[in-house]
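Note sheet for the following structure.
Only the coordinates and a few stated rules stand behind these numbers; no lab work does. Note that this is a predicted model, so its numbers are computed, not measured.
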């Protein structure tokens, strides 16, 4: 499988995206459950299906571009086809000296985002949940661990490293719109409906004083690259206080909603966002 990824990594991005679009529509046609989750989540967000319809193909493009993103030689920058906006928000956060937490949704090219941020503002530590398949977990580790980008599993030791990173006025990165294991989240509104939401980003910010910065990485049309946007910092955490975790998580969800609504054709609407969390512990 690694050989296949290396082979595909030499394809032009436009060709990979073409294959990926077909893959996305194939999954749509073959999976009634996927279609149901997709339509229900779009409706919950108050959007017409036509607005989110491009996300069917974009989900396949996300998968198809992974070989190019993961197999990129360490000596080759990923910023050559990435337009960046909002860097002043990072500079302002770093000047405070308390570190920063980059966070975002499963929208656009969320695999490229941490790589680009690491080149701009590394070192960065990102947390992830390893794949269950051994070969994929190994591939993830090889591909994601790069210069100025350290990936750690979602474990107690990984979380301790995140705290250490923030104390050094460095950055951490995580996706906050996935359902965490039971006991590691709270029920907070997401597009008007309670969704079990991870508390890690909020806890890190409340405990360290770090700045919470939303990030999106939009995939541009016809393989022309990507648009990395760093959004304004989440405000009002000081008013929330360390005890009001739910309020902080709700503010994070609102930031995620804003990103999704800005590019509804690239969000992974098929994810079962409102499911009951599984029993799992760090």
query: So, in Å, what gap is there between the alpha-carbon centers of segment 1-54 and segment 67-85?
result: 22 Å
message: Among DSSP bridges having both ends in the chain, what percentage is antiparallel? Round to the nearest 5.
response: 35 percent
message: Nearest 500 deg cm²/dmol is fine: what mean residue ellipticity at 222 nm does the chain get from its DSSP H runs of n ≥ 4 alone, each adding -39,500 (n - 2.57), divided by its residue count?
response: -14000 deg cm²/dmol
query: log₁₀ I(q)/I(0) of segment 79-181 at q = 0.12, 0.15, 0.16 Å⁻¹, via Debye over equal Cα point scatterers, no solvent, to two decimals?
result: -0.40, -0.64, -0.73
query: What is the pair-distance distribution P(r) of segment 1-99, computed from all Cα-Cα distances in 10 Å bins starting at 0, with each bin given as a whole percent?
result: 13, 29, 26, 25, 7, 0
- request: Report Rg(Cα)/(2.2 N^0.38 Å) for segment 144-269, keeping two decimals.
  value: 1.10
query: Which whole-angstrom value gives the distance between the alpha carbon centres of segment 166-211 and segment 259-277?
result: 16 Å
- prompt: In whole angstrom, and with the biggest value first, how far do the Cα coordinates of the chain range along each principal axis?
  reply: 48, 44, 36
